[in-house]
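Colleague: There's a structure below that I have some questions on.
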Amino acid sequence: MTRQTWTAFVSALAFICLAVLLVVVPVPFVSWSPGGTRDTLGNVGQEPMIKVQGIDTYPTTGRLDMTIVAITPADARLSLPQALLAYWLPHRDALPRDAVYAPGKSAEDVENEDADMMETAQDDAVVAALRADGRPVTEMAAIYSVTLGGPAHKQLLPGDLVVSVDGIETPDHEAVAKQIRSHSIGEKVRFVVIRNKVQTEVSVTSVESNVQSDVPVVGITLGTGYQYYPDISFDLGQQIGGPSAGLVFALAIYDKITNGPLLADRHLAGTGRITPTGDVQAIGGVQEKIAAAEKAGAVAFFVPAGNCRDLQGMRTEMALIKVGTLSDAIKAVQTLNASGDSAQLPSC
């Protein structure tokens, strides 16, 4: 074999090895791409995605899509070619892995956090929609989490609404904490809670705090919950996480509980985290969600006002309606119904 042949052989082998390394060696990036849509006014199987019971509901028309971003799973890795494609292809993105998944978190941790955020989005959407329709909603102290193996484990549950502690009414979580601290370590603390709309009494024996000596605790964290009478449940048909469907959930519920078809046969879509007071907050992946909605055939898309800056240079045939609150979204649809002209609406 001549020297030139050896050189060519070694060069080819080195090229093949480099090519293989490019394909198999992971890079610290995560891809985002359009992940499809789901009609929040439609059915999953034979049942509505959003089921409302306990109050009058009304027929809806049209379609209101939640939009989904497909993200590289926490337990998967991108190769360099995949990351480059995600970066250069339209309506896709490649982000630093640490910006999406906190270092040290397992795939199970990420999945559980996403599920918790989706559950919170649904709860907040229900409260926002009921308030928008003038329905009574009462703020109450609520159990946010329970320490595994702690005194309250299996006694109190996340989501329990606290009516009273030791017979003393507790209108907020500060009142609950104050009443717990009034006990001696080892004493029983009597809670009256509302769980699944049923009032229940629970006794928990306090223990000493691990971080503050002589301070009694029962192994719970507290937050704000809400009491209302309709029973509103969600079935998405698959595991979808994150908080960004809150706005369309709230709008769909509002459409169901108010007389007259709000969408008037239109196909709309949107995104945005919603608060219990109806404020709409910015989310990630807005361009990918707009692309998913356009592909599905939506004619207009609700964009959180805080995301308008993320749409520079993006082209779409849909009307991009800027909203800062649930009320903005409702008024926008009502304006479309009255005039049919999306040009009158605030846009990004």
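Colleague: Conditions: (1) surrounded by fewer than 20 Cβ atoms within 10 Å (Cβ to Cβ); (2) farther than 21 Å from ALA245 by Cα. GLU111 meets all but one. Number of the miss?
Modeller: All conditions pass for GLU111, except number (2).
Colleague: Residue by residue through the stretch 300-317, note down the ones that are closer than 17 Å to ASP65 by Cα and either modelled with pLDDT of 95 or more or in contact with a Gly (Cβ under 8 Å, 6 or more places away or on another chain) (or both).
Modeller: Once the filter is applied, which keeps residues that are closer than 17 Å to ASP65 by Cα and either modelled with pLDDT of 95 or more or in contact with a Gly (Cβ under 8 Å, 6 or more places away or on another chain) (or both), the stretch 300-317 yields ALA300, PHE301, PHE302, VAL303, PRO304.
Colleague: Can you tell which of LEU80, LEU156 is under 30 Å from SER203 (Cβ atoms), surrounded by 15 or more Cβ atoms within 10 Å (Cβ to Cβ) and either at pLDDT below 80 or over 17 Å from the mean Cα position of the chain (by Cα) (or both)?
Modeller: LEU156
Colleague: For the stretch 38-66, give me the residue count where each residue is assigned to a loop (DSSP other than H, G, I, E, B) and hydrophobic (A, V, I, L, M, F, W, C).
Modeller: Total meeting the criteria: 3.
Colleague: Hey, does the stretch 248-267 have a residue that's modelled with pLDDT of 95 or more, part of a strand (DSSP E or B) and touching a strand residue (DSSP E or B) at 6+ places or on another chain (Cβ under 9 Å)?
Modeller: yes
Colleague: Of the residues LYS331, LYS289, only one is within 30 Å of VAL30 (Cα to Cα), outside any loop (DSSP other than H, G, I, E, B) and either modelled with pLDDT of 95 or more or under 19 Å from the mean Cα position of the chain (by Cα) (or both); which?
Modeller: One residue alone meets the criteria, LYS289.
Colleague: Evaluate the following for GLU169: is it surrounded by fewer than 18 Cβ atoms within 10 Å (Cβ to Cβ), more than 16 Å from THR221 (Cα to Cα) and in contact with a helix residue (DSSP H, G or I) (Cβ under 9 Å, 6 or more places away or on another chain)?
Modeller: Here the answer is yes, as GLU169 does meet what is asked.
The values are calculated or read from the model by the stated rules, or taken from the named source; none is laboratory data. Please read all numbers here as calculations on a predicted model, not as lab measurements. Neighbour counts run over all protein chains shown; Cβ positions are idealised from the backbone, glycine included.
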